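The values are calculated or read from the model by the stated rules, or taken from the named source; none is laboratory data. It should be emphasised that the depicted structure is a prediction, and the values quoted were computed from it without experimental measurement. So basically every Cβ, Gly included, is an ideal-geometry build from the backbone, and we count neighbours across all protein chains shown. The accessibility values were calculated without ligands, DNA or RNA, using every heavy atom of the protein model including side chains. Shrake-Rupley method; radii C 1.70, N 1.55, O 1.52, S 1.80 Å.
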Protein chains: 2
Amino acid sequence: MTVSKTADVAKPSRAARKEPAEVAVEAAALQLGELSELLGYSLKRAQLRVFEDFLRCVAPLQLTPAQFSVLLLLDRNPGRNQTEIANTLGILRPNFVAMLDGLESRDLCTRIRSTNDRRSHILMLTDKGRAVLARAKKLVANKHEARLNELLGPANRAALLEMLATIAREF
Amino acid sequence: MTVSKTADVAKPSRAARKEPAEVAVEAAALQLGELSELLGYSLKRAQLRVFEDFLRCVAPLQLTPAQFSVLLLLDRNPGRNQTEIANTLGILRPNFVAMLDGLESRDLCTRIRSTNDRRSHILMLTDKGRAVLARAKKLVANKHEARLNELLGPANRAALLEMLATIAREF
DNA sequence: CGATATTCGGTATAGTGCATAACAATTATC
DNA sequence: GATAATTGTTATGCACTATACCGAATATCG
């Protein structure tokens, strides 16, 4: 469809009349050109794919990558408040409120008013939160990361991770 | 960070308000734990950094990564319509309209009603568009990608690009 | 041919992510 | 004790994304 007059490859002209059995010509693939050399382009495309697959793999638990990262951080860092967790994840405090509301309403974590500083809320995983996190970890490891390992191989996957961390840290 | 893309708005000064706060005690760093092994996490963080740097490097031309990719595609694929360009970049047609409006209002490209199919708009770079693209390419190559080469080394950068492309293609 | 379906660009709209300003309560500073 | 800073929060705006729908033009097919 959309046969361009300047197109390089055209169907051999069956010109006079339209033949019904002629399947529509698939448009020629566009040339990406320098785009395929642009790191940001591949980076974003890959990121979208990976997040997409993450969501699929962990769909039974209804966790987004961001929510999963929060649960992981809470498990690893008990006794921290909202600001500390949000800062570590690069989430702005105002935007972290609604996110925590969601997790707390699902009984995955709780806010506890600190006795030291009654302004701050100490965040804790609930038992259910720990259970969900454990299940999520397994899904991620066995379905998500395993698939990446299969695609790239363990060595390449490790190298990729290292380079991405370097960029995130030092770029 | 937070480089506004929409208009001539200058970047909000970072230290405008909060200069004197030279904090003495920084809170102990949180443990990332399994987060550092999660590819999607590093992937997104790296992508944000790379886009941020892209915006900085190409700031004189006021081009976002998405706009740059459109100009690149138009240059490489003359005679294509909006749907083809948008599809190639993973942009939905409705969202591509405003984007083209912006580029066209800056006289970087034009929509030309196709004579073959009067529904479709053939997209073309203007002379100014080609000039801006040429300048943008230099900025990206000399400032942006050069910095990545410096950080990773040419071989690693190529390997990274290849793996990201593989993920974007086959994952 | 003519009726129907499809495609194209476009509008409207809703959801989400991200950023800033401002506020009450609390704590730190001097 | 007066002032400044911090914490969680609300409100708000902007950009990006996704879907439904529309008129015009074209394709399909009886």
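Across the identical copies, the label point of residue B:113 (7 Å from Cα in the Cβ direction) is separated from its matches by 6.8 nm, in order from shortest. The accessible area of residue A:49, taken with all protein chains in place and a 1.4 Å probe, comes to roughly 90 Å².
Model label sites at residue B:87 and residue B:56, defined 7 Å from Cα along the beta-carbon direction, differ in position by 3.9 nm. The solvent-accessible area of residue B:55, taken with every protein chain present and a 1.4 Å probe, is close to 40 Å². Legend: mean number of C-beta atoms from other chains within 10 angstrom of residue C-beta atoms, peptide B:109-118, equals 1. With contacts taken as Cα pairs under 8 Å and at least 6 residues apart, segment A:39-170 reaches a relative contact order of 23 percent. Its Cα centre serving as origin, segment B:109-171 has a Cβ charge dipole (Lys and Arg +1, Asp and Glu -1) of approximately 480 debye.
Remark: spin-label model distance residue A:106-residue A:138 equals 1.8 nm, labels positioned 7 Å along the Cα→Cβ axis.
Starting from the label point of residue A:156 at 7 Å along Cα→Cβ, the same points in the other copies fall at 1.9 nm, in ascending order.
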